[in-house]
Amino acid sequence: MVVMKFGGTSVKDPDAIRRLARIVMREQDRSGTPVVVVSAMSGGTDQLLDAVTAAARGDGAGAGHRISAIRDRHRQAATTLLSGDACDDVIDTLEKLWREISALLQAMAVLREVSPRSRDAVVSAGELATSRLVPAALTATGLPARYVDARMVLVTSADHGEARPELTATAARLHEHVRPLVQQGVVPLLGGFIGATADGITTTLGRGGSDYSASLFGAGLHASEIQIWTDVDGMLTADPRVVSGTRALPTLSFAEASELAYFGAKVLHPSTIAPAVTDGIPVRILNSQRPDEPGTTITANPPLPAAPLTGLACKRDITVVDVRSTMMLAAYGFMRRVFEVFERHETSVDVITTSEVSVSITIEDRRALAAIVADLAAFAEVTFEQDMALLSAVGERLRLEPGLASRVLGALDEFPLRMVSQAGARRNLTVVLPQSHLAAAMARVHERFCLLPAAVPTEVVA
Ligand code: ADP
Ligand code: ASP
Ligand code: MG
(Lines give C-alpha, C1' and ligand atoms only; values in the text may rest on other atoms or scores of the structure.)
(Ligands and ions follow the chains in the order given, each with its own letter.)
Protein backbone atom coordinates (compact mmCIF):
# COMPACT_ATOMS: atom_id res chain seq x y z
CA MET A 1 0.00 0.00 0.00
CA VAL A 2 1.17 3.49 -0.88
CA VAL A 3 0.57 6.68 1.12
CA MET A 4 0.20 9.71 -1.16
CA LYS A 5 0.43 13.25 0.22
CA PHE A 6 -0.70 16.23 -1.85
CA GLY A 7 0.55 19.67 -0.79
CA GLY A 8 -1.22 23.02 -0.96
CA THR A 9 -0.62 23.73 -4.65
CA SER A 10 -1.85 20.23 -5.52
CA VAL A 11 -5.31 20.97 -4.04
CA LYS A 12 -5.44 24.71 -4.67
CA ASP A 13 -8.32 24.79 -7.21
CA PRO A 14 -10.62 22.52 -9.26
CA ASP A 15 -8.00 21.86 -11.95
CA ALA A 16 -5.44 20.80 -9.34
CA ILE A 17 -8.00 18.52 -7.66
CA ARG A 18 -8.85 16.94 -11.04
CA ARG A 19 -5.15 16.28 -11.62
CA LEU A 20 -4.94 14.77 -8.13
CA ALA A 21 -7.85 12.44 -8.96
CA ARG A 22 -6.09 11.21 -12.11
CA ILE A 23 -2.87 10.59 -10.17
CA VAL A 24 -4.67 8.66 -7.42
CA MET A 25 -6.56 6.60 -9.99
CA ARG A 26 -3.34 5.71 -11.74
CA GLU A 27 -1.84 4.59 -8.41
CA GLN A 28 -4.94 2.52 -7.68
CA ASP A 29 -4.41 0.71 -11.00
CA ARG A 30 -0.70 0.26 -10.30
CA SER A 31 -0.57 -0.85 -6.66
CA GLY A 32 -4.11 -1.07 -5.28
CA THR A 33 -6.00 1.27 -2.98
CA PRO A 34 -3.73 4.01 -1.59
CA VAL A 35 -4.16 6.20 1.50
CA VAL A 36 -4.33 9.90 0.61
CA VAL A 37 -3.25 12.82 2.81
CA VAL A 38 -4.02 16.41 1.80
CA SER A 39 -2.79 19.82 2.94
CA ALA A 40 -4.88 22.97 3.12
CA MET A 41 -5.30 24.84 -0.19
CA SER A 42 -2.12 26.86 -0.85
CA GLY A 43 -2.19 30.06 1.18
CA GLY A 44 -5.06 28.70 3.31
CA THR A 45 -3.06 28.18 6.48
CA ASP A 46 -1.54 31.66 6.16
CA GLN A 47 -5.02 33.11 5.77
CA LEU A 48 -6.27 31.30 8.87
CA LEU A 49 -3.25 32.50 10.84
CA ASP A 50 -3.95 36.05 9.65
CA ALA A 51 -7.53 35.67 10.90
CA VAL A 52 -6.17 34.62 14.31
CA THR A 53 -3.85 37.65 14.34
CA ALA A 54 -6.77 39.94 13.52
CA ALA A 55 -8.85 38.37 16.30
CA ALA A 56 -5.99 38.81 18.77
CA ARG A 57 -6.07 42.58 18.21
CA GLY A 58 -9.85 42.64 18.61
CA ASP A 59 -10.56 42.98 14.88
CA GLY A 60 -13.51 40.58 14.56
CA ALA A 61 -14.51 42.03 11.18
CA GLY A 62 -11.02 41.52 9.77
CA ALA A 63 -11.01 37.91 10.97
CA GLY A 64 -14.45 37.44 9.43
CA HIS A 65 -13.31 38.75 6.02
CA ARG A 66 -10.50 36.25 5.91
CA ILE A 67 -12.83 33.38 6.71
CA SER A 68 -15.23 34.59 3.98
CA ALA A 69 -12.41 34.52 1.44
CA ILE A 70 -11.32 30.99 2.27
CA ARG A 71 -14.94 29.82 2.50
CA ASP A 72 -15.68 31.20 -0.98
CA ARG A 73 -12.65 29.44 -2.44
CA HIS A 74 -13.86 26.07 -1.17
CA ARG A 75 -17.43 26.72 -2.17
CA GLN A 76 -16.40 27.59 -5.69
CA ALA A 77 -14.25 24.46 -5.95
CA ALA A 78 -17.14 22.32 -4.64
CA THR A 79 -19.64 23.73 -7.12
CA THR A 80 -17.19 23.26 -10.01
CA LEU A 81 -16.26 19.69 -9.12
CA LEU A 82 -19.51 18.29 -7.73
CA SER A 83 -23.19 18.24 -8.47
CA GLY A 84 -26.48 17.18 -6.88
CA ASP A 85 -26.56 15.76 -3.36
CA ALA A 86 -22.81 15.25 -3.22
CA CYS A 87 -22.32 18.98 -3.81
CA ASP A 88 -24.98 19.98 -1.28
CA ASP A 89 -23.54 17.63 1.34
CA VAL A 90 -20.02 19.04 1.01
CA ILE A 91 -21.24 22.63 1.00
CA ASP A 92 -23.39 22.02 4.11
CA THR A 93 -20.53 20.36 5.94
CA LEU A 94 -18.12 23.14 5.05
CA GLU A 95 -20.62 25.86 5.96
CA LYS A 96 -20.93 24.30 9.39
CA LEU A 97 -17.13 24.21 9.72
CA TRP A 98 -16.76 27.90 8.73
CA ARG A 99 -19.57 28.91 11.10
CA GLU A 100 -17.80 27.17 13.97
CA ILE A 101 -14.47 28.74 13.09
CA SER A 102 -16.07 32.19 12.73
CA ALA A 103 -17.77 31.88 16.11
CA LEU A 104 -14.50 30.86 17.69
CA LEU A 105 -12.68 33.83 16.10
CA GLN A 106 -15.39 36.27 17.20
CA ALA A 107 -15.05 35.01 20.79
CA MET A 108 -11.28 35.39 20.55
CA ALA A 109 -11.72 38.93 19.17
CA VAL A 110 -14.06 39.95 22.01
CA LEU A 111 -11.62 38.65 24.61
CA ARG A 112 -8.56 39.73 22.59
CA GLU A 113 -7.07 36.48 23.72
CA VAL A 114 -5.51 33.74 21.65
CA SER A 115 -4.11 30.61 23.23
CA PRO A 116 -1.97 28.05 21.38
CA ARG A 117 -4.91 25.69 21.78
CA SER A 118 -7.47 28.02 20.19
CA ARG A 119 -4.99 28.91 17.41
CA ASP A 120 -4.70 25.21 16.55
CA ALA A 121 -8.49 24.88 16.51
CA VAL A 122 -8.67 27.64 13.87
CA VAL A 123 -5.72 26.67 11.66
CA SER A 124 -6.81 23.03 11.52
CA ALA A 125 -9.79 24.18 9.41
CA GLY A 126 -7.68 24.35 6.22
CA GLU A 127 -6.93 20.63 6.26
CA LEU A 128 -10.37 19.74 7.61
CA ALA A 129 -11.93 21.51 4.63
CA THR A 130 -9.80 19.94 1.88
CA SER A 131 -10.09 16.49 3.45
CA ARG A 132 -13.88 16.85 3.13
CA LEU A 133 -13.85 18.25 -0.40
CA VAL A 134 -11.29 15.98 -2.07
CA PRO A 135 -12.88 12.57 -1.25
CA ALA A 136 -16.19 13.82 -2.68
CA ALA A 137 -14.36 14.86 -5.84
CA LEU A 138 -12.63 11.46 -6.07
CA THR A 139 -15.91 9.62 -5.55
CA ALA A 140 -17.52 11.78 -8.26
CA THR A 141 -14.88 10.63 -10.75
CA GLY A 142 -15.67 6.98 -9.97
CA LEU A 143 -13.03 6.25 -7.35
CA PRO A 144 -14.73 5.59 -4.00
CA ALA A 145 -13.04 7.64 -1.28
CA ARG A 146 -13.99 8.55 2.27
CA TYR A 147 -13.13 11.35 4.69
CA VAL A 148 -11.36 10.15 7.81
CA ASP A 149 -10.97 12.72 10.59
CA ALA A 150 -7.19 12.91 11.10
CA ARG A 151 -7.86 13.99 14.68
CA MET A 152 -9.27 10.53 15.34
CA VAL A 153 -6.09 8.96 13.97
CA LEU A 154 -2.99 11.02 14.69
CA VAL A 155 -2.61 11.02 18.48
CA THR A 156 -0.22 13.68 19.72
CA SER A 157 1.14 15.43 22.77
CA ALA A 158 -0.54 18.67 23.85
CA ASP A 159 2.36 20.83 22.54
CA HIS A 160 0.10 23.04 20.46
CA GLY A 161 1.67 24.35 17.27
CA GLU A 162 4.36 21.65 17.31
CA ALA A 163 2.68 18.61 18.71
CA ARG A 164 4.66 15.37 18.96
CA PRO A 165 3.13 12.16 17.65
CA GLU A 166 2.40 9.22 19.91
CA LEU A 167 3.35 6.37 17.66
CA THR A 168 1.80 3.37 19.37
CA ALA A 169 -1.57 5.04 19.85
CA THR A 170 -1.50 6.34 16.26
CA ALA A 171 -0.70 2.89 14.84
CA ALA A 172 -3.66 1.44 16.74
CA ARG A 173 -5.99 4.14 15.37
CA LEU A 174 -4.71 3.58 11.84
CA HIS A 175 -5.60 -0.09 12.14
CA GLU A 176 -9.01 0.79 13.48
CA HIS A 177 -10.05 3.62 11.14
CA VAL A 178 -7.90 3.47 8.02
CA ARG A 179 -6.89 -0.08 7.19
CA PRO A 180 -10.45 -1.46 6.97
CA LEU A 181 -11.31 1.11 4.27
CA VAL A 182 -8.26 0.13 2.22
CA GLN A 183 -9.30 -3.50 2.54
CA GLN A 184 -12.74 -2.58 1.14
CA GLY A 185 -11.15 -0.73 -1.79
CA VAL A 186 -12.24 2.70 -0.50
CA VAL A 187 -9.54 5.40 -0.52
CA PRO A 188 -9.17 6.82 3.04
CA LEU A 189 -8.63 10.56 2.82
CA LEU A 190 -7.09 12.41 5.77
CA GLY A 191 -5.95 15.95 6.40
CA GLY A 192 -2.24 16.29 7.08
CA PHE A 193 -0.74 18.61 9.69
CA ILE A 194 -3.51 18.06 12.25
CA GLY A 195 -4.04 15.60 15.07
CA ALA A 196 -5.50 15.54 18.56
CA THR A 197 -4.45 14.67 22.06
CA ALA A 198 -5.65 11.35 23.49
CA ASP A 199 -8.64 13.22 24.95
CA GLY A 200 -9.57 14.79 21.64
CA ILE A 201 -8.17 18.35 21.73
CA THR A 202 -7.11 19.48 18.24
CA THR A 203 -3.35 19.96 17.71
CA THR A 204 -1.05 20.79 14.77
CA LEU A 205 2.42 19.48 13.92
CA GLY A 206 4.10 22.75 12.84
CA ARG A 207 4.28 24.49 9.46
CA GLY A 208 4.74 22.15 6.54
CA GLY A 209 3.70 19.26 8.79
CA SER A 210 1.52 17.41 6.26
CA ASP A 211 4.62 15.65 4.95
CA TYR A 212 5.24 14.43 8.49
CA SER A 213 1.64 13.19 8.82
CA ALA A 214 2.06 11.21 5.60
CA SER A 215 5.24 9.55 6.78
CA LEU A 216 3.74 8.77 10.20
CA PHE A 217 0.76 7.14 8.48
CA GLY A 218 3.10 5.32 6.10
CA ALA A 219 5.15 3.92 8.97
CA GLY A 220 2.08 3.03 11.06
CA LEU A 221 0.52 1.15 8.13
CA HIS A 222 3.84 -0.41 6.95
CA ALA A 223 3.31 1.19 3.56
CA SER A 224 5.50 0.14 0.64
CA GLU A 225 6.11 3.77 -0.37
CA ILE A 226 5.39 7.33 0.78
CA GLN A 227 4.78 9.78 -2.06
CA ILE A 228 5.03 13.54 -1.52
CA TRP A 229 3.26 15.28 -4.43
CA THR A 230 4.24 18.93 -4.76
CA ASP A 231 4.91 21.69 -7.32
CA VAL A 232 8.52 20.90 -8.29
CA ASP A 233 10.10 17.90 -10.04
CA GLY A 234 11.59 16.43 -6.85
CA MET A 235 14.32 17.43 -4.45
CA LEU A 236 16.29 19.96 -6.48
CA THR A 237 20.02 20.57 -6.22
CA ALA A 238 19.20 23.89 -4.46
CA ASP A 239 16.28 26.10 -3.53
CA PRO A 240 14.93 27.25 -6.93
CA ARG A 241 13.88 30.57 -5.41
CA VAL A 242 17.53 31.33 -4.65
CA VAL A 243 19.55 29.64 -7.41
CA SER A 244 18.75 29.33 -11.11
CA GLY A 245 19.65 26.27 -13.17
CA THR A 246 18.82 23.72 -10.46
CA ARG A 247 18.02 20.14 -11.46
CA ALA A 248 16.01 17.38 -9.82
CA LEU A 249 17.97 14.66 -8.03
CA PRO A 250 16.91 11.16 -9.14
CA THR A 251 17.99 9.58 -5.85
CA LEU A 252 18.97 10.69 -2.37
CA SER A 253 19.88 8.90 0.85
CA PHE A 254 17.67 9.22 3.92
CA ALA A 255 20.58 10.94 5.66
CA GLU A 256 21.13 13.49 2.87
CA ALA A 257 17.40 14.21 2.60
CA SER A 258 17.20 14.80 6.36
CA GLU A 259 20.14 17.21 6.24
CA LEU A 260 18.70 19.14 3.29
CA ALA A 261 15.26 19.34 4.91
CA TYR A 262 16.64 20.34 8.30
CA PHE A 263 18.75 23.12 6.77
CA GLY A 264 15.94 24.64 4.77
CA ALA A 265 14.82 22.59 1.73
CA LYS A 266 11.15 23.40 2.25
CA VAL A 267 9.95 20.68 -0.12
CA LEU A 268 10.23 18.20 2.75
CA HIS A 269 9.33 18.81 6.40
CA PRO A 270 12.46 17.98 8.46
CA SER A 271 10.73 15.24 10.47
CA THR A 272 9.42 13.37 7.41
CA ILE A 273 12.33 11.01 6.99
CA ALA A 274 12.59 9.61 10.54
CA PRO A 275 9.47 7.39 10.49
CA ALA A 276 10.40 6.11 7.02
CA VAL A 277 13.93 5.19 8.14
CA THR A 278 12.69 2.93 10.92
CA ASP A 279 10.85 0.70 8.45
CA GLY A 280 13.06 1.41 5.41
CA ILE A 281 10.10 2.82 3.46
CA PRO A 282 11.15 4.69 0.29
CA VAL A 283 9.99 8.32 0.14
CA ARG A 284 9.37 9.79 -3.30
CA ILE A 285 8.97 13.48 -4.14
CA LEU A 286 6.87 14.02 -7.26
CA ASN A 287 5.38 16.90 -9.24
CA SER A 288 1.57 16.83 -9.42
CA GLN A 289 1.70 19.15 -12.43
CA ARG A 290 4.09 16.82 -14.26
CA PRO A 291 3.20 13.35 -12.96
CA ASP A 292 5.25 11.58 -15.62
CA GLU A 293 8.54 13.05 -14.39
CA PRO A 294 10.49 10.45 -12.39
CA GLY A 295 10.86 12.66 -9.27
CA THR A 296 13.29 11.89 -6.45
CA THR A 297 13.43 8.56 -4.67
CA ILE A 298 14.86 8.63 -1.14
CA THR A 299 16.17 5.33 0.24
CA ALA A 300 18.82 4.13 2.69
CA ASN A 301 21.65 3.42 0.25
CA PRO A 302 21.17 4.88 -3.22
CA PRO A 303 24.07 5.09 -5.67
CA LEU A 304 26.37 8.07 -5.13
CA PRO A 305 25.37 11.07 -7.23
CA ALA A 306 27.73 12.00 -10.05
CA ALA A 307 28.43 15.54 -8.81
CA PRO A 308 30.72 16.20 -5.82
CA LEU A 309 27.90 17.66 -3.73
CA THR A 310 24.39 16.22 -3.72
CA GLY A 311 22.64 19.49 -2.99
CA LEU A 312 22.54 22.79 -1.12
CA ALA A 313 20.07 24.12 1.38
CA CYS A 314 19.78 27.54 2.95
CA LYS A 315 17.92 29.48 5.60
CA ARG A 316 17.54 33.22 5.82
CA ASP A 317 16.83 35.45 8.83
CA ILE A 318 19.25 33.65 11.07
CA THR A 319 20.59 35.28 14.22
CA VAL A 320 24.10 34.53 15.49
CA VAL A 321 24.52 34.78 19.25
CA ASP A 322 28.13 35.09 20.45
CA VAL A 323 28.84 34.17 24.04
CA ARG A 324 32.29 35.09 25.36
CA SER A 325 33.96 34.15 28.59
CA THR A 326 37.73 34.29 28.92
CA MET A 327 37.62 32.72 32.34
CA MET A 328 34.93 30.16 32.09
CA LEU A 329 34.80 28.55 28.68
CA ALA A 330 37.20 25.74 29.52
CA ALA A 331 35.57 25.16 32.90
CA TYR A 332 33.18 22.28 32.92
CA GLY A 333 29.58 23.23 33.28
CA PHE A 334 29.90 26.37 31.16
CA MET A 335 28.36 24.90 28.01
CA ARG A 336 25.59 23.37 30.04
CA ARG A 337 24.73 26.78 31.47
CA VAL A 338 24.73 28.30 28.00
CA PHE A 339 22.44 25.66 26.52
CA GLU A 340 20.16 25.68 29.55
CA VAL A 341 19.32 29.27 28.70
CA PHE A 342 18.20 28.30 25.18
CA GLU A 343 16.28 25.36 26.57
CA ARG A 344 14.53 27.48 29.17
CA HIS A 345 13.34 29.83 26.44
CA GLU A 346 12.28 26.93 24.18
CA THR A 347 14.53 28.10 21.37
CA SER A 348 16.27 25.48 19.27
CA VAL A 349 19.77 26.11 18.01
CA ASP A 350 21.00 25.13 14.54
CA VAL A 351 24.76 25.61 14.25
CA ILE A 352 27.34 25.83 17.04
CA THR A 353 31.02 26.69 16.77
CA THR A 354 33.51 27.30 19.54
CA SER A 355 36.92 28.88 19.99
CA GLU A 356 38.99 29.13 23.11
CA VAL A 357 37.10 32.13 24.40
CA SER A 358 33.76 32.14 22.69
CA VAL A 359 30.91 30.04 21.49
CA SER A 360 28.74 31.11 18.56
CA ILE A 361 25.23 29.76 18.23
CA THR A 362 22.67 30.32 15.48
CA ILE A 363 18.94 30.52 16.10
CA GLU A 364 16.02 30.94 13.74
CA ASP A 365 13.28 31.77 16.23
CA ARG A 366 13.96 35.29 17.56
CA ARG A 367 10.93 35.60 19.81
CA ALA A 368 12.89 35.02 23.01
CA LEU A 369 16.11 36.71 21.85
CA ALA A 370 16.02 39.60 24.35
CA ALA A 371 15.35 37.25 27.27
CA ILE A 372 18.08 34.83 26.11
CA VAL A 373 20.63 37.64 25.86
CA ALA A 374 19.66 38.94 29.30
CA ASP A 375 20.02 35.49 30.89
CA LEU A 376 23.36 34.79 29.20
CA ALA A 377 24.63 38.21 30.26
CA ALA A 378 24.38 37.05 33.88
CA PHE A 379 27.52 34.92 33.41
CA ALA A 380 29.15 35.88 30.07
CA GLU A 381 29.56 38.69 27.54
CA VAL A 382 26.93 38.41 24.86
CA THR A 383 26.44 40.03 21.46
CA PHE A 384 24.21 39.05 18.59
CA GLU A 385 23.98 39.72 14.88
CA GLN A 386 20.83 39.48 12.79
CA ASP A 387 20.18 39.19 9.03
CA MET A 388 22.54 36.28 8.68
CA ALA A 389 22.02 33.24 6.49
CA LEU A 390 23.01 29.63 6.70
CA LEU A 391 24.26 27.75 3.64
CA SER A 392 24.51 24.01 3.94
CA ALA A 393 26.36 21.83 1.42
CA VAL A 394 25.20 18.23 1.63
CA GLY A 395 26.52 15.02 0.13
CA GLU A 396 27.78 11.55 0.98
CA ARG A 397 31.00 12.40 -0.88
CA LEU A 398 31.94 14.95 1.81
CA ARG A 399 32.42 11.96 4.09
CA LEU A 400 34.26 9.89 1.52
CA GLU A 401 36.53 12.33 -0.33
CA PRO A 402 39.22 14.04 1.70
CA GLY A 403 39.76 17.56 0.47
CA LEU A 404 36.24 18.13 -0.86
CA ALA A 405 35.18 20.23 2.13
CA SER A 406 38.24 22.45 1.83
CA ARG A 407 37.62 22.89 -1.91
CA VAL A 408 34.07 24.03 -1.16
CA LEU A 409 35.39 26.50 1.42
CA GLY A 410 38.04 27.61 -1.08
CA ALA A 411 35.29 28.47 -3.57
CA LEU A 412 33.84 30.77 -0.92
CA ASP A 413 37.11 32.56 -0.17
CA GLU A 414 35.79 35.99 -1.17
CA PHE A 415 32.77 35.71 1.09
CA PRO A 416 32.79 36.93 4.69
CA LEU A 417 32.10 33.62 6.41
CA ARG A 418 31.03 34.12 9.98
CA MET A 419 30.92 30.49 11.10
CA VAL A 420 32.00 27.17 9.56
CA SER A 421 30.79 23.83 10.84
CA GLN A 422 31.14 20.20 9.93
CA ALA A 423 29.53 17.69 12.27
CA GLY A 424 30.60 14.15 13.04
CA ALA A 425 28.63 12.44 10.29
CA ARG A 426 30.44 14.71 7.78
CA ARG A 427 27.71 14.64 5.19
CA ASN A 428 27.21 18.32 5.60
CA LEU A 429 29.35 21.42 5.59
CA THR A 430 27.53 24.46 6.89
CA VAL A 431 28.65 28.08 6.74
CA VAL A 432 26.99 31.18 8.15
CA LEU A 433 27.36 34.46 6.29
CA PRO A 434 25.54 37.80 5.94
CA GLN A 435 22.23 37.33 4.18
CA SER A 436 23.15 39.86 1.50
CA HIS A 437 25.83 37.44 0.24
CA LEU A 438 23.69 34.31 0.28
CA ALA A 439 22.45 34.20 -3.32
CA ALA A 440 25.93 34.78 -4.78
CA ALA A 441 27.52 32.20 -2.49
CA MET A 442 24.85 29.63 -3.32
CA ALA A 443 25.26 30.25 -7.06
CA ARG A 444 29.03 29.83 -6.79
CA VAL A 445 28.94 26.52 -4.89
CA HIS A 446 26.05 25.21 -6.97
CA GLU A 447 27.78 25.89 -10.25
CA ARG A 448 31.11 24.39 -9.18
CA PHE A 449 29.99 21.38 -7.13
CA CYS A 450 26.38 20.41 -7.85
CA LEU A 451 26.31 20.26 -11.63
CA LEU A 452 29.69 18.91 -12.75
CA PRO A 453 30.62 15.24 -12.44
CA ALA A 454 32.93 14.50 -9.51
CA ALA A 455 36.66 14.31 -10.20
CA VAL A 456 36.87 10.99 -8.36
CA PRO A 457 34.76 8.35 -10.11
CA THR A 458 31.91 6.78 -8.17
CA GLU A 459 33.56 3.32 -8.14
CA VAL A 460 36.70 4.61 -6.40
CA VAL A 461 34.96 6.21 -3.43
CA ALA A 462 32.06 3.77 -3.12
P1 ADP B 1 3.75 21.75 -0.69
O2 ADP B 1 2.68 22.77 -0.53
O3 ADP B 1 3.52 20.81 -1.82
O4 ADP B 1 4.06 21.04 0.60
P5 ADP B 1 6.04 23.46 -0.29
O6 ADP B 1 5.85 24.87 -0.71
O7 ADP B 1 5.97 23.15 1.15
O8 ADP B 1 5.04 22.54 -1.13
O9 ADP B 1 7.46 22.93 -0.84
C10 ADP B 1 7.76 23.02 -2.21
C11 ADP B 1 8.65 24.22 -2.45
O12 ADP B 1 9.89 24.02 -1.76
C13 ADP B 1 9.08 24.39 -3.89
O14 ADP B 1 8.11 25.08 -4.63
C15 ADP B 1 10.39 25.15 -3.74
O16 ADP B 1 10.21 26.53 -3.94
C17 ADP B 1 10.82 24.94 -2.30
N18 ADP B 1 12.17 24.38 -2.18
C19 ADP B 1 13.18 24.87 -1.42
N20 ADP B 1 14.28 24.13 -1.53
C21 ADP B 1 14.00 23.13 -2.40
C22 ADP B 1 14.75 22.05 -2.94
N23 ADP B 1 16.03 21.82 -2.61
N24 ADP B 1 14.13 21.23 -3.82
C25 ADP B 1 12.85 21.44 -4.16
N26 ADP B 1 12.10 22.45 -3.70
C27 ADP B 1 12.66 23.29 -2.82
N1 ASP C 1 -1.07 23.58 5.67
C2 ASP C 1 0.07 23.49 6.57
C3 ASP C 1 1.03 24.64 6.28
O4 ASP C 1 0.79 25.43 5.37
C5 ASP C 1 0.76 22.17 6.50
C6 ASP C 1 1.34 21.79 5.15
O7 ASP C 1 0.97 22.36 4.13
O8 ASP C 1 2.16 20.85 5.13
O9 ASP C 1 2.00 24.78 6.97
MG1 MG D 1 5.16 21.59 2.30
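Structure notes:
- Search result, residues across segment 226-247 that are aliphatic (A, V, I, L, M) and either out of contact with any Gly (no Cβ under 8 Å at 6 or more places or on another chain) or more than 8 Å from ligand 1 (Cβ to nearest atom) (or both): Ile226, Val232, Val242, Val243
- Screening Ala306 against (1) at pLDDT 95 or above; (2) open to solvent by 30 Å² or more (accessible area, probe 1.4 Å); (3) under 28 Å from Leu404 (Cα atoms); (4) more than 16 Å from the chain's Cα centre (by Cα) leaves a single unmet condition, (1).
- Residue match in segment 146-169 (condition: without any contact (Cβ under 8 Å) to a residue 40 or more places away in the chain, outside any loop (DSSP other than H, G, I, E, B) and out of contact with any Lys or Arg (no Cβ under 7 Å at 6 or more places or on another chain)): yes
- A single entry from Met419, Met388 fulfils the requirement of being among the hydrophobic types (A, V, I, L, M, F, W, C), in contact with a helix residue (DSSP H, G or I) (Cβ under 7 Å, 6 or more places away or on another chain) and open to solvent by less than 20 Å² (accessible area, probe 1.4 Å): Met388.
- Identity of the residue in segment 188-217, of a type in the set (A, V, I, L, M, F, W, C) and away from ligand 2 (no atom under 13 Å from the Cβ), that ends up farthest from Asp159 (Cα to Cα): Leu189
- Flag if Pro34 is in contact (Cβ under 8 Å) with a residue 40 or more places away in the chain, farther than 21 Å from Val232 by Cβ, open to solvent by less than 10 Å² (accessible area, probe 1.4 Å) and more than 16 Å from ligand 3 (Cβ to nearest atom): yes
- Check on Leu312, open to solvent by less than 20 Å² (accessible area, probe 1.4 Å), in a strand (DSSP E or B) and either touching a residue at least 40 places away in the same chain (Cβ under 8 Å) or touching a strand residue (DSSP E or B) at 6+ places or on another chain (Cβ under 8 Å) (or both): yes
- Odd one out for Asp413 among (1) open to solvent by 50 Å² or more (accessible area, probe 1.4 Å); (2) more than 21 Å from Ser355 (Cα to Cα); (3) of a type in the set (Asp, Glu): (2)
- Enumeration of residues in segment 251-275 that are within 16 Å of ligand 2 (Cβ to nearest atom), in contact (Cβ under 8 Å) with a residue 40 or more places away in the chain and assigned to a loop (DSSP other than H, G, I, E, B): Gly264, Ala265, Lys266, Leu268, His269, Ser271, Thr272
- Selection within segment 299-323 - aliphatic (A, V, I, L, M) and in contact with a Phe, Trp or Tyr (Cβ under 6 Å, 6 or more places away or on another chain): Ala300, Leu309, Ala313, Val321
- With respect to the conditions (1) in contact with a strand residue (DSSP E or B) (Cβ under 9 Å, 6 or more places away or on another chain); (2) modelled with pLDDT under 95; (3) over 16 Å from Phe263 (Cα atoms), Ser348 falls short on a single one, namely (3).
The values are calculated or read from the model by the stated rules, or taken from the named source; none is laboratory data. Everything quoted here is computed from the prediction, not taken from an experiment. Note that each Cβ is placed from the backbone with ideal geometry, even for glycine, and that neighbours are counted across all protein chains shown. These accessible areas exclude ligands, DNA and RNA; they are computed on the full protein's heavy atoms, side chains included. Shrake-Rupley method; radii C 1.70, N 1.55, O 1.52, S 1.80 Å.
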